[in-house]
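Right, one structure below, let's go through it.
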Amino acid sequence: MPKLTDRTALVTGASRGIGRAIAERLAQEGALVAVHYGTRTEAAEQVVADIRAAGGRAFAVQAELGLADGIDILFKSLEAQLEEHAGSTRLDILVNNAGLMGTALPEDISGEWFDRMMAVNAKAPLFVIQRALSLIPDHGRIINISSGLTRFAAPEQVTYAMTKGALEQISLHLARHLGKRRITVNTVAPGSTDNGSELFRVPEVRAAMSQLSAFGEVAEPTVIADVVAFLASADARWITGAFVDASGGTLLG
Ligand code: NAP
C-alpha cells in the first residue's frame with residue numbers, strides 16, 4: 001500500500017543524485033512531488049517525466065539557492081504549482097537535500113568559497129523551512145540531508161562538515177520548536193553515495209570510498225531514499241530530532 005497518498009512534498013536538489021532518488025521514491029508512495037533544481041532544467045524535466053511515466057505526480061521548480069532572491073523565487077513557483085496540481089498550497093513533506101560538496105585544506109579555504117558553502121548548505125535550508133512553515137500542516141515532515149562527515153575528521157572537508165554541522169543544529173532545535181504541532185524534523189546522514197558523478201567511475205576512488213563502509217560498497221541513492229520515505233511516513237511519527245546514520249556503517253570506524 002502506498003504510504004504517502006494525497007501528500008505533497010518538496011525535494012530540493014532533485015535534478016540528480018540522491019535528491020532525484022528521493023523524489024522518485026516519494027512519488028512511488030503516492031505523493032505529489034515538487035522536483036526542485038538549480039541549473040539543470042533538462043535533467044529536472046526528465047525526473048518529472050520519469051515519475052509521470054511510472055504513474056506518479058510531479059512538477060519542476062527552479063531556484064538558485066544561496067542567492068538573495070532564491071527562496072522567494074522557489075516559493076512563488078512552488079505555491080502556484082501546488083495550487084494548480086493539488087488545489088491548495090499545503091506542503092506535507094519538505095526534504096532539504098540540495099547541497100554543495102567540495103574540498104579545501106584549512107590553509108587554502110577562501111572567504112568567498114566558505115560563504116557560498118554556508119549560504120547553500122546551511123543558511124538556505126533554514127530559510128526554506130522558515131518560509132515553508134506556513135504551508136506545512138500539523139503532522140508534517142521536515143528531513144535534512146547531512147553527511148556522515150560531521151562525525152569523523154577529514155581536514156580537507158572542514159568547510160563542508162561545518163555547513164552540515166550547522167544543518168544538523170536546525171533539526172535539533174526545530175524539532176523541539178515544532179513538536180507541539182507534531183511536525184517531525186530529522187537528519188539523515190549518508191556516507192559515500194554514487195550520485196552519478198564521474199568520480200564514482202574511477203576504480204581506485206570507488207574502491208577507497210567503498211572500504212569506508214562496513215558493507216564494503218558505496219551506496220546507491222535509492223537506499224538513502226528508502227530511509228527518507230520511512231521518516232516521511234506515519235510509521236516514523238514518534239521520531240523527531242534524530243540523527244539517522246545512513247552511511248552503511250561508515251561511522252563504525
Ligand atoms: P549532487 O548529485 O551534486 O546534486 C546536487 C543537487 O543539488 C542538484 O540537483 C543541484 O541542482 C542542487 N543544487 C546544488 N546547489 C544548488 C544551489 N545553489 N541552488 C539550487 N540547487 C542546487 O548531490 P548528491 O551527491 O546527490 O548529494 C545530495 C545531498 O546529499 C547533498 O546535500 C550532499 O551534501 C549530501 N551527501 C552526499 C553524499 C554523496 O556521497 N553523494 C554523501 C553524504 C551527503 P542543479 O544540478 O540543477 O544545479
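Assorted remarks:
- Residues of the stretch 210-229 classified as in contact with a strand residue (DSSP E or B) (Cβ under 9 Å, 6 or more places away or on another chain), buried (at least 16 other Cβ atoms within 10 Å of the Cβ) and either without any contact (Cβ under 8 Å) to a residue 24 or more places away in the chain or in a loop (DSSP other than H, G, I, E, B) (or both), total: 2
- Of all residues in the stretch 135-159 being within 16 Å of the chain's Cα centre (by Cα) and more than 12 Å from the ligand (Cβ to nearest atom), the one that is surrounded by the fewest Cβ atoms within 10 Å (Cβ to Cβ): 140
- Any chance residue 132 is more than 21 Å from residue 43 (Cα to Cα), open to solvent by less than 70 Å² (accessible area, probe 1.4 Å) and of a type in the set (Gly, Ala, Ser): yes
The values are calculated or read from the model by the stated rules, or taken from the named source; none is laboratory data. Since this is a predicted model, take the numbers as computed values, not measurements. Neighbour counts are summed over all protein chains in view; Cβ atoms, including those assigned to glycine, are modelled from backbone coordinates with ideal geometry. Protein only, heavy atoms only, side chains kept; ligands, DNA and RNA dropped before computing areas. Shrake-Rupley method; radii C 1.70, N 1.55, O 1.52, S 1.80 Å.
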